1. So what is the 222 nm mean residue ellipticity for the chain from helices alone, if each DSSP H run of at least 4 adds -39500 (n - 2.57) and you divide by all residues, rounding to the nearest 500 deg cm²/dmol?
2. Just the number please: accessible area per residue for the chain, 1.4 Å probe, all protein chains included, in Å².
3. On a straight-distance basis, which aspartates and glutamates could pair with K58 in a cross-link, Cα separation under 14 angstrom, same-chain partners fewer than 8 positions away excluded?
4. Compute the Cα gyration tensor for region 1-55, then decide on rounded, prolate or oblate, letting a ≥ b ≥ c be the square roots of its eigenvalues: rounded whenever a/c is under 1.5, prolate when a/b is larger than b/c in the other cases, and oblate in all that remain.
5. Could you please put W23, W44 in sequence from largest to smallest accessible area, using a 1.4 Å probe?
6. With the Cα gyration tensor of the chain giving a ≥ b ≥ c as the square roots of its eigenvalues, does the rule (a/c under 1.5 for rounded; else a/b larger than b/c for prolate; else oblate) give rounded, prolate or oblate?
7. For region 74-149, which whole percent of the accessible surface, found with a 1.4 angstrom probe, sits on carbon and sulfur atoms?
8. What percent do you get for the relative contact order of the chain when only Cα pairs under 8 Å and 6+ apart count?
Amino acid sequence: MQTVWLTGAEWLAVLRIGLGLWWLESWRHKDRKGWFERGTGIAWAADVADKHKWPQVKKGFDTVVAPRPKAMAYVVVYAELALGLGLVVGLLTPVALVGGLLLNLLYLVLMIHDWAEQGQNAMMALISLVALLAMSWQTWSLDSAIGLF
């Protein structure tokens, strides 16, 4: 494969790192005090799930998230941080890519009615899939440096 400036594997690493930076920005701009102390993030998600056109979404939310809102707030916020760091440095990259893909698909289903959110989640899911299937951890990653994958 011929490319300009970088090799194909290096461009895939750029894509992976860029996705990681996107996750870190998602984490950075979250109002963590609101999420952890006032429960704003989970309350917002509960409202969305309650009005969702697919009853399975509300049922799933009520089963998994509603009984443990504080814990789920920490899971969501720190999952975004972990995904971002894992992708930027390339540590446990396949795990981070699968986790990010699943989280984006979850966000996509939750926000099915909000087209503004759909573009971001669809693009992040697509990048995760490409980076995963192209094994983007082979270049510029701790995984490659320590021979993990």
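The values are calculated or read from the model by the stated rules, or taken from the named source; none is laboratory data. What you are looking at is a predicted structure, and each value in this text was computed from that prediction instead of being measured. Every residue, glycine among them, receives a Cβ derived from its backbone with ideal geometry; neighbour counts consider all protein chains shown. Surface areas here come from the heavy atoms of the whole protein model, side chains and all, with no ligands, DNA or RNA. Shrake-Rupley method; radii C 1.70, N 1.55, O 1.52, S 1.80 Å.
1. On the way: 7 runs with 106 residues, N = 149.
Roughly -23500 deg cm²/dmol at 222 nm, from the helical runs in the chain.
2. Working: 8660 Å² over 149 residues.
I get 58 Å² per residue for this part.
3. D47, D50
4. Values: a/c = 7.02, a/b = 2.26, b/c = 3.11.
Oblate, because a/c is 1.5 or more while a/b does not exceed b/c.
5. Working: W23 5, W44 130 Å².
Descending order: W44, W23.
6. Numbers: a/c = 2.47, a/b = 1.91, b/c = 1.29.
Taking the square roots of the gyration eigenvalues as a ≥ b ≥ c, the chain is prolate.
7. On the way: 3020 of 3850 Å².
Carbon and sulfur atoms account for 78 percent of the accessible area of region 74-149.
8. Values: 158 pairs, mean separation 47.7, N = 149.
Relative contact order here is 32 percent.
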